[in-house]
Amino acid sequence: MRRLLLIALLACLAVPAAAVAQKRAPGDGSLVVRSGAGFLRLDITGAVIGRLEAGQVEIASHRVDDCDDWAVWGADRARIRSRTGVTTCTFTVFLRTPQAIRFRVVLGPDETLTIRGASSLSVSAVGQGSGFIRGAGAADGVYSLHAGAFRSLPDLGLAFSLGATLP
C-alpha cells in the first residue's frame, strides 16, 4: 500500500514538470551537419558539439579571456586576439595531423562560432539565434534543420534561424 501511495505521489510531482518542459521545448531549434565541407557560422544562444578533420574553428566572445576556457581538443595551433572587448580564439588543424578537432561549446548572447575550410565536419547545435552555412561544392555533406529531412549543403549559402517563436 505504501509503495502504491509513493508511486502516485511521484507521478503527481512529475506531471507538472513535464508540462512546463513541453511548453518551453518549441523555443529551441536544431542543426545537424554530417560529413560536411565548407563554411558554418552560428550566432546562437545554445550548445554546439562537433568534430572536423581539417579546417579552422573560431570562437568570438565578450566573456572569455583565454582560449583554454573553451572545450576544444586536437588543434595544431590556437591563436588568441583581443580587440574592443571581444576575445577571438582561433583553433586550426591541418590534414597532416592524425587527430581531428573536437569541440563542445556553450554560446551565450553576442558570441559567435565560425568554422572555415572544414573537411569531414560533423556538428550538432541546439539553441536560439541565427546562422549561415555554405558547402564547398560537389559531395560536400548534408544538413538538417529542426529535425527535418537531410539535404545537401547549399553551394551558394543559406541563412537560417534556429528556434521557433512560442505561441
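Checking Gly129 against (1) at negative phi; (2) in a strand (DSSP E or B): exactly one of these is not met. Which one?
(1)
Taking the stated definitions as given, is Val86 aliphatic (A, V, I, L, M), under 15 Å from Ser61 (Cα atoms) and under 12 Å from the mean Cα position of the chain (by Cα)?
Considered against the rule, which asks whether it is aliphatic (A, V, I, L, M), under 15 Å from Ser61 (Cα atoms) and under 12 Å from the mean Cα position of the chain (by Cα), Val86 comes out as no.
Look at Ser120 and say whether it is closer than 17 Å to Gly38 by Cβ and among the polar types (S, T, N, Q).
yes
Condition check: surrounded by fewer than 20 Cβ atoms within 10 Å (Cβ to Cβ) and more than 16 Å from the chain's Cα centre (by Cα). Does Gly108 satisfy that?
Here the answer is no, as Gly108 does not meet what is asked.
Inside the range 147-161, can you point out the residues that are surrounded by 15 or more Cβ atoms within 10 Å (Cβ to Cβ) and in contact (Cβ under 8 Å) with a residue 40 or more places away in the chain?
Listed by number, the residues that qualify are Leu153, Phe160.
List the strands (runs of 3 or more DSSP E) inside the range 1-105, counting only whole elements, that have at least 1 residues being at pLDDT 90 or above and surrounded by fewer than 10 Cβ atoms within 10 Å (Cβ to Cβ). Write out each step before concluding.
Values: elements: 29-52, 54-61, 71-73, 77-83, 86-93.
Qualifying strands (runs of 3 or more DSSP E): none found.
Could you run through the range 123-146 and say how many residues are free of Cβ contacts under 8 Å to residues at least 40 places away in the same chain and either closer than 18 Å to Leu107 by Cβ or acidic (Asp, Glu) (or both)?
Number of matching residues: 0.
The values are calculated or read from the model by the stated rules, or taken from the named source; none is laboratory data. Because the structure is predicted, anything quoted here is derived from the model rather than measured. Heads up, the Cβs are rebuilt from the backbone with ideal geometry, glycines too, and the neighbour counts pull from every protein chain shown.
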